[in-house]
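What follows is a set of notes on a single structure, which appears directly below.
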Amino acid sequence: MAATALESAVRRIVEAGTEADALKRLNADLRGSRASLEQQLVEELQGDEPSTAAIEASLAALDFGRHGVGAAHIFAAFAAAVTTPHMALFFDAAATYVLAADVAQLRTVDAVPFVAVLRRVVDVACECKRELEAARLLLAALPKLQPRPHCLTPLHPAILRLCLLGRCHHIAARLIDNDAIFEVAPDVDLTPADYLCYFYYGGTALAGLLRFRDAAEMLRLCVAMPSQGEVSAIAVAAYRRLLIVNLLASREPATLPKHVNRMVADALREASKPYKALEDVFTAPEATVAGLEEAIAARADVLEVDTNLGLANQLPKALRRKKLASLSRSYMTIPLGKATAALELDSAEATKRLTMELVDERQIRLGTKVDEERAVLSFMAEADAGGGHGRFSVAALQGTMERVLALSERIKSLDVAINVDPKYLQQKTRSERFGHAAGFGGMGIEAGAGGQSSSDILDVLDGGQQIEEVLG
């Protein structure tokens, strides 16, 4: 009996061994026979009498540590054919493979099949409600794709998406904080959508942790990705969320970087009219909390569809905080009743609580206090109030200095990497020889330290591309 496509593939994988040249030939060979592998698995898994015997026997015959390159093609075909009844089998087998696969072997060939398997693992995990298991799996797989730290891969947005669906925003924040992105990993099948989704999901996760300033910066990076006039649906979603998050972060209207194409900026504003209207109500000189609440209620349907209603419902409190900060700049003392009325709060006790919140967050003068006997709110300077908060200033300064020093070390490393990159040196020499500059800003940078051209990332997305919203 003639061997099936699956049996033939397994035999070639086992016979190929682990030599780099043999793995490259095997990779090209299996890529050519992928269609027949998928067809066989579709017939066996989706036929009149579905059976997993063939795929289970094939996987059992492979040593994932030695046969990682070939197994990636088997799993990629399995991923294309798998249906709901067999998703648990696929997920468990793929998890075993991903953890056992050898990093050095995977890097001898392109990572496209390996990435295809991981993308399908994410989809299966979402359907089977195993998001946190998949997030842990992808975190373990991340070093297998990253040539060095701080390189963006397709796993970054996938991990953030899984964390959001699993309501584990703190894990997403840890990835963002500990693996800041400085460059793009080459040859890992990274798409423009991956780039956009990383910053979109990252901003969403940080907003869920009330880190609104960091969230606004992530969302702004998503919106500011260069394009050629077409506006991505992901960018539109990010801009809408940015308009609200920026109000929560700074109480000011959101601004776009100057390099954003004017046509793109106009298209984003046109697609976000309900959000711009909310922004106008919030930032109006005579804005009232009642008027803002009415504006939110009038646009609740749109906000709920975009999963931004929860964020919008925090705007009234942000407006009260803005008003209290304004009072602290306008008055030295103000009657507590007048302050309560200006903030549109129900009681003087609520005004006291809000005042102490802003003092603790250093949004208003540290010496601010409530005089219970006179029923007066006093916005005194820290020196006039006798200090008492010096330790907070020292702690904040120390934390800031540590972050600055860490960032300085990263920038130094990136500068060294760029200055020894052969493409950069070649372009710089050519620029100096002919007396003109090329590349970005006249610096002659044709590609980053990883050797990936910026055009690989800046391809234009289809304006109708859809994105799954994950934050309820």
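Just so it is clear, none of the values below were taken in a lab; they were calculated from the coordinates. Note that the coordinates shown come from a computational prediction; the quantities given were computed from them, not determined experimentally. As a convention, Cβ positions derive from the backbone with ideal geometry for all residues, glycine included, and neighbour counts pool all protein chains shown.
Here are a few things to note about the model shown:
- Charge dipole of the chain about the Cα centre (unit charges at C-beta), most positive-ward option of Ala79, Ser232, Leu315: Leu315
- Of Lys323/Lys369; Lys144/Lys412; Lys323/Lys352; Lys317/Lys338; Lys258/Lys317; Lys24/Lys423, those spanning more than 20 Å from alpha-carbon to alpha-carbon: Lys144/Lys412; Lys258/Lys317; Lys24/Lys423
- For region 1-144, a simple Cβ point-charge model (Lys and Arg +1, Asp and Glu -1, everything else neutral) yields a dipole of about 540 debye relative to the Cα centre.
- The C-alpha atoms of the chain define a longest principal axis, and helix 112-128 lies at about 60 degrees to it.
- Tail fraction, Cα-Cα pairs, region 151-330, threshold 19 Å, whole percent: 58 percent
- When the Cα positions of Leu164, Phe114, Ala290 are compared along the charge dipole of the chain, Ala290 comes out farthest toward the positive end, with charges on each C-beta of Lys, Arg, Asp and Glu.
- 0 to 90° range, to nearest 10: angle between helix 68-81 axis and the chain longest Cα axis: 80 degrees
- Antiparallel content of DSSP bridges confined to the chain, in %, to 5: 80 percent
- Cβ crowding within 10 Å averaged over residues, with 396-403, 412-419, 289-296 ranked highest first: 289-296, 412-419, 396-403
- Radius of gyration and maximum dimension Dmax of the chain, Cα, Å: 27.6, 99
- Around the Cα centre of the chain, unit charges on the Cβ atoms of Lys, Arg, Asp and Glu (plus for the first two, minus for the last two) sum to a dipole of about 1620 debye.
- Ratio of Rg to Rh over region 1-144 (Cα coordinates, Kirkwood Rh, two decimals): 0.95
- Using alpha-carbon coordinates, inclination of helix 422-434 to the longest axis of the chain, degrees: 70 degrees
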